[in-house]
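Asker: Below are the structure tokens for one structure; questions will follow.
The values are calculated or read from the model by the stated rules, or taken from the named source; none is laboratory data. Just so it is clear, the model here is predicted, and its values are computed rather than measured. Cβ coordinates were reconstructed from backbone atoms using ideal geometry, including for glycine residues, and neighbour counts include every protein chain displayed. Heads up: the accessible areas ignore ligands, DNA and RNA and are worked out on the full protein's heavy atoms, side chains in. Shrake-Rupley method; radii C 1.70, N 1.55, O 1.52, S 1.80 Å.
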Amino acid sequence: MRNIQIYKNMFNFPENEQKILKFWEKNKIFEKLREKNQGKPRWSFLDGPITANNPMGVHHAWGRSYKDLLQRYKAMKGFDQRYQNGFDCQGLWVEVEVEKELGFKNKKDIEKYGIDKFVEKCKERVKKYSEIQTKQSIRLGQWMDWENSYYTMSDENNYAIWHFLKKCWEQGLLYKGRDSVPWCPRCGTAISQHEILTEEYKLIIHRAIYFKLPILSKGFSSQGGPASGWEKTSFLVWTTTPWTIPANVALVVNPDFDYGIFEADGKRLILLKNLAKNILGKEFKLKKTIKGKTLKGLKYQGPFDDLERVKTARDEKAETFHTVVLDKDLVTETEGTGIVHTAPGAGEEDFEIGKRENLAVIDVIDESAFYLDKMNEFSGKSAKENPEIIFDYLKEYKEGEFFYKLEDYEHRYPTCWRCKQELVWRVVDEWYVSMEKIREPLVNIAKKINWIPEFGLDRELDWLKNMQDWLISKKRYWGLALPIFECEKCKNFEVIGSKEELQKRAIDGWEDFEGHSPHKPWIDSVKIKCKKCGEAVSRIKDVGNPWLDAGIVPFSTMGYFSEKNQWKKWFPVELVCESFPGQFKNWFYSLLVMSAVLEETGPVKTIFGYATVHDEKDEPMHKSKGNAIWFDDAAEKSGVDPIRWICAKQNPAENLRFGYNILDEAQKKLLVLYNVYSFFDTYTKGGKTFNEESRLNSNNILDKWILSKIHHLAGVAEFNFDKYNIAKAVFAIEDFFINDLSLWYIRRSRKRFHENSPDKEEAINTLYYVLLNFTKIIAPVMPFFAEEMYQTLCLNSKSQNPNPKSEMPESVHLCDWPNLKENSQTDLELEEGMDEARSLVNLILAERASKFIKVRQPIASVKIKSKNLKIKNKEELLELIKEETNIKEIIFDSKSPANEKIELELDTKITKELKEEGITREIIRHIQDMRKKAGLKPSDEISVFFFSDEELNKILKDNKQQILKEIKIKDFYFNQETNINFDFKKEAEVDDKKILLSIKKQ
Ligand SMILES: [Zn+2]
Ligand SMILES: [Zn+2]
């Protein structure tokens, strides 16, 4: 960037922002804005709730910047809006933090402490962090009705979900299922499929085991002896989860694969032939190859057959116990032994196979993953933390007959999204919303929504097509009390849809509950009468999946239950905006489901998603990694406008790199803009009347051009903001203020703003008009910076313009979006011509540089050969090129190259006159530079003293008049001509010669 000076310390972003915050508050600007737009056409925004569990990180600033930007923009366009912020309050994330605070290790600690006290602690935490986040959001410049935020823990929100669940029940969608589910041993609850995101799979090294299972007989062995031909033969089996071996009930092989029988020392092992080489020792020799299907129905002995739990299972389902079954999909040829250990009580696919093959389910662990009773020495021991107990047992059992070997195995393994513990699988009773009936309607709803980025639709459809039923229960404490009442006697269950209904149905415990929020433990006092058998029935103990809490907000917060007519005015909402990783399975999904069940329609017209914030090296930010940046730190160091600027400029489909170097870069760019404003401020202080009409009268080509540009910019920004192409709009804004306004318009117009310039008034009026409109265009993106600049422009204008008709609103945020369409000043031909002129300038300067001719050295002419140049006859533009490139004449050559290429020919001959002119220019520049450094005003007169050789002296003498004229010099002296005591000295190099310059103010 040429000629741009960065006055880094001249503008303090954080300080300015604090000043503006006070200004907004004192003058109630936000309140005035809402008043201004009240009753006008609506633009319905719905805030996705932020988890009120910690102070904000910079990643929160990304989404909040978008939300505020769009709401401010829509407000400038005159839309009436809801400004309700939301806090997400219930769920495991809060519980885990409170557990940490209290030093709890597991659920037993919570129960000992008291569920009521624990739930109160959770509420307190939410209150604390919602207050902190409110303050931080205000600091970010987000304009919300902060007194009126919604909380998902509110009675209103919880009862609204009751209503939804009752609808589900009435539509036959709600059921209790016994299923194998991913389970967190620390949190003691099922983790739903929705919650296991790709990033929850961690690369973990496990101890894998190869173990042997001796073949018993074909057809169950009432005789006990091995089946004929299979004596001394064992299956070789492999697993990475040794704790599940006691739960084994079957083996799976692929019917079409080739299995080998290998022998060494009279003992035989069966495994997939192709995998044997890497697993077995050299002593093993292949005896026979057989197809997997010939193994079907073979029975085998297990190492844990003496445990009571295992015996019970064998007695229950003797037919299928410890049997080989077939499956084509489950067995791979790439890992393990090709014989898959199957434990329906401890694995998801195992459970599916178990259902198909009528296998027994052996539960072996409790909710903390400790072995259950009736398991001898294993009972009460942690299954997950001590794989050695299984290894040691197998090494010793029957003299190691079942043990083969151990190895380290690295793989991606799912962990708890909240506490990062490795998950296990358990078969438990949980509650589900069936997806079968609503899958199709959901797909149709999703297709009608405008997804940004576009791939959002594919991701959502992919999820909707593949998702299983929605697991909505959690065996926890702080959350929605699922309103399901299940009769222990007759197993009938009912769903209660409201507080009133519960009160009506209550036969006991209402007094204990009344006055409390509908949470555990208070809600659990209430009993109703079973409609079938008359028994007193309690609520099930479970709480709800937290995405129920956030999915209901288009109904609970917008008056669906209290003022349905109002609700209809705001539903469906225009836009929601959240970080997309995870939300296709979670919030976006729950929004769709709840709206589909309640209203059979989509809840929102546009879903705007954005990716994740990374650090400067493109690594994900993590508190534990130490590369996370807290919002407060970034805001106080760099100010929030630069943060907002970076966020707005980012392509939302891609991860946003963020860090202090990136913030510095953004600040530097914004300071270019600041310098433009302060330039304007400098030249208008002391009085200038801005006449709206005079701008139209300027005949200056630069004025006409910049007016055309600003009119264009307003249109481009509007078009892109309307389409939520925020980054595109912001790039256009940046291009305008750096490349057009600062680097070209201001730089080329600088002299016109000087005191005696003949068209100073046109220049100032034009710049004022441009800046005023530009300030409005950037107001939604950088509300503080825009306000500061607007106030400066206002002051300059108001003091001089007593006409009440032209009174400006007191804040830029009370201005309308600049409607420059009418009375448009756009001039496409001029813009194209200017583009051409600027690219010619660049070509000529490059050509000069390649020939080592400084720009300050005038050149006689340039010959331009080109076919399609439009500016051949545009004198004003050609003048600009000449000035900018310091060339006396431009000649267009008719013999042009055939293609689009432009060829240049510089006249590089430097005549005596040209050389003298160059030297004179250079000396003028040095003196001006000295004047500036000495802090002299343009009007101050000086004397100059030169000390150099005869040749230079002569040149200066010959050009004396020009020098005197250009830089207000009273007189100048050479060498020893004077004994004036000069104030400022400078040594410079001109034309390869040293020259000493001194100046003195007169
Ligand atoms: Zn957990
Ligand atoms: Zn009953």
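Asker: List, largest first, the extents of the alpha carbons of segment 469-584 along their principal axes, each in whole Å.
Answerer: Dimensions of segment 469-584 along the principal axes of its Cα atoms: 48, 34, 26 Å.
Asker: If I take R0 = 25 Å and measure r between the Cβ atoms of D429 and E120 in this structure, what FRET efficiency does the formula 1/(1 + (r/R0)^6) give, to the nearest 0.05?
Answerer: Details: r = 29 Å, r/R0 = 1.16.
In this case the efficiency is close to 0.30.
Asker: A further question follows. Quick query: amide H of L174 versus all other amide H atoms, modeled in the peptide plane; which residues come in under 5 Å with a sequence gap of 5 or more or a different chain?
Answerer: W169, S434
Asker: For the pair K993 and K374, how long in nm is the line joining their label points, each one 7 Å along Cα→Cβ?
Answerer: 11.0
Asker: Just going by the charge dipole of segment 1-110, with Lys and Arg at +1 and Asp and Glu at -1 on Cβ, which of S65, W24, G103 is farthest out on the positive end?
Answerer: Selected residue: W24.
Asker: Once you've got the Cα coordinates, tell me which of K328/K448; K19/K67; K405/K475 are over 30 Å apart.
Answerer: Going by Cα-Cα distance, K328/K448; K405/K475 fall outside the 30 Å limit.
Asker: Once amide H atoms are placed 1.01 Å from N in the peptide plane, what residues at a sequence separation of 5 or more from Y150, or on another chain, have their amide H within under 5 Å of its amide H?
Answerer: Residues meeting the criterion, in which the H sits 1.01 Å from N, are N85, G86, F87.
Asker: Restricting things to alpha carbons, find the Rg to Rh ratio for segment 486-548 using the Kirkwood radius for Rh. Kindly include the intermediate steps, with their values, before the conclusion.
Answerer: On the way: Rg = 11.7 Å, Rh = 12.3 Å.
So for segment 486-548, dividing Rg by the Kirkwood Rh gives 0.96.
Asker: Once all Cα-Cα distances of segment 904-963 are split into 5 Å bins that start at 0, what whole-number percent is in each one?
Answerer: Spelled out bin by bin, segment 904-963 gives 4, 14, 24, 21, 16, 11, 6, 4, 1 percent.
Asker: Shifting gears a bit: Rounded to two decimals, what ratio of Rg to Rh does the chain give with C-alpha atoms and a Kirkwood Rh? Please report the intermediate quantities before stating the final value.
Answerer: Details: Rg = 39.2 Å, Rh = 35.0 Å.
Rounded to two decimals, Rg over Rh is 1.12.
Asker: Structure shown: which of K541/K585; K568/K623; K381/K625 lie over 31 Å apart, alpha-carbon to alpha-carbon? Write out the running numbers ahead of the final one.
Answerer: Working: K541/K585 25 Å; K568/K623 42 Å; K381/K625 33 Å.
Those over the limit are K568/K623; K381/K625.
Asker: On a full-extension model of 0.36 nm per residue, what is the gain between K617 and I507, subtracting their alpha-carbon distance, rounded to one decimal in nm?
Answerer: Values: separation 110, 0.36 × 110 = 39.60 nm, distance 6.23 nm.
Length difference between fully extended and current span is 33.4 nm.
Asker: Taking the Cα atoms of segment 1-101, what is the range of coordinates along each of the three principal axes, in descending order and whole Å?
Answerer: 57, 42, 30
Asker: Can you tell me the FRET efficiency between D392 and D366 if r is taken as the Cβ-Cβ distance and R0 is 22 Å, rounded to the nearest 0.05? Numbers along the way, then the final one.
Answerer: Working: r = 22 Å, r/R0 = 0.99.
Between D392 and D366 the formula returns 0.50.
Asker: Would you mind classifying segment 162-301 by shape? Square roots of the alpha carbon gyration tensor eigenvalues, ordered a ≥ b ≥ c; an a/c under 1.5 is rounded, otherwise it is prolate if a/b is larger than b/c and oblate if not.
Answerer: prolate
Asker: Positive end of the charge dipole of segment 653-790 (Lys, Arg +1 and Asp, Glu -1 on Cβ, about the Cα centre): tell me which of L702, P783, T766 has its Cα farthest that way.
Answerer: Positive-end residue among those listed: L702.
Asker: Report, in deg cm²/dmol and to the nearest 500, the calculated mean residue ellipticity at 222 nm for the chain, where each DSSP H run with n ≥ 4 adds -39500 (n - 2.57) and the sum is divided by the residue count. It would help to have the intermediate numbers written out before the result.
Answerer: Working: 32 runs with 384 residues, N = 1002.
The per-residue figure over the chain is -12000 deg cm²/dmol.
Asker: Counting only DSSP beta bridges with both residues in the chain, what percent are antiparallel, rounded to the nearest 5?
Answerer: Details: 84 of 120 bridges.
Just about 70 percent of them are antiparallel.
Asker: Give me the percent of accessible area attributable to carbon and sulfur for the chain, probe 1.4 angstrom. Walk me through the intermediate numbers first.
Answerer: Numbers: 21190 of 44920 Å².
Carbon with sulfur: 47 percent of the solvent-accessible area.
Asker: Next question. Share of antiparallel DSSP beta bridges in segment 873-1002, in percent to the nearest 5? It would help to have the intermediate numbers written out before the result.
Answerer: On the way: 13 of 18 bridges.
Rounded to the nearest five, the antiparallel share is 70 percent.
Asker: At 7 Å along Cα-to-Cβ for each site, give me the label-to-label distance between R356 and S562 in nm.
Answerer: Once both label points are built, they end up 5.3 nm from each other.
Asker: For segment 176-201 and segment 77-137, what is the separation of their Cα centres, given in Å?
Answerer: Cα centres, segment 176-201 to segment 77-137: 22 Å.
Asker: Continuing with this model, one more query. I'd like the FRET efficiency for K901 and D462, computed as 1/(1 + (r/R0)^6) with the beta carbon distance as r and R0 of 51 Å, rounded to 0.05. Kindly include the intermediate steps, with their values, before the conclusion.
Answerer: Details: r = 49 Å, r/R0 = 0.95.
With R0 = 51 Å, the Cβ-Cβ based efficiency is 0.55.
Asker: Separation between the H411 and D893 pseudo-spin-labels, each 7 Å from Cα along Cα→Cβ, expressed in nm?
Answerer: The two pseudo-label positions are separated by 7.3 nm.
Asker: Just the number please: accessible area per residue for segment 604-648, 1.4 Å probe, all protein chains included, in Å².
Answerer: Values: 1830 Å² over 45 residues.
It amounts to 41 Å² per residue over segment 604-648.
Asker: What length, rounded to one decimal in nm, is gained on full extension from N12 through to E488, with 0.36 nm per residue of separation minus their alpha-carbon distance?
Answerer: Details: separation 476, 0.36 × 476 = 171.36 nm, distance 6.80 nm.
Full extension of this stretch gives 164.6 nm more.
Asker: Okay, next question. What is segment 524-585 by shape, rounded, prolate or oblate, if you read a ≥ b ≥ c off the alpha carbon gyration tensor as root eigenvalues and call it rounded for a/c under 1.5, prolate for a/b larger than b/c, and oblate otherwise? Let's see the in-between values first.
Answerer: Working: a/c = 4.09, a/b = 1.72, b/c = 2.37.
Oblate shape, in that a/c is at least 1.5 and b/c is the bigger or equal ratio.
Asker: Where in segment 329-364 is the amide nitrogen less than 19 Å from a point lying 7 Å along the Cα-to-Cβ axis of A264?
Answerer: 336-339
Asker: Go through K617/K649; K760/K821; K107/K167 and tell me which ones have a Cα-Cα distance over 29 Å in this structure. The partial results should precede the final answer.
Answerer: Numbers: K617/K649 18 Å; K760/K821 27 Å; K107/K167 32 Å.
Flagged as over cut-off: K107/K167.
Asker: What are the ³J(HN,Hα) couplings of segment 187-194, residue after residue, when phi is run through the Karplus curve with 6.51, -1.76, 1.60 and θ = phi - 60°? Round to Hz, x for glycine and proline.
Answerer: 6, x, 8, 5, 10, 6, 3, 4
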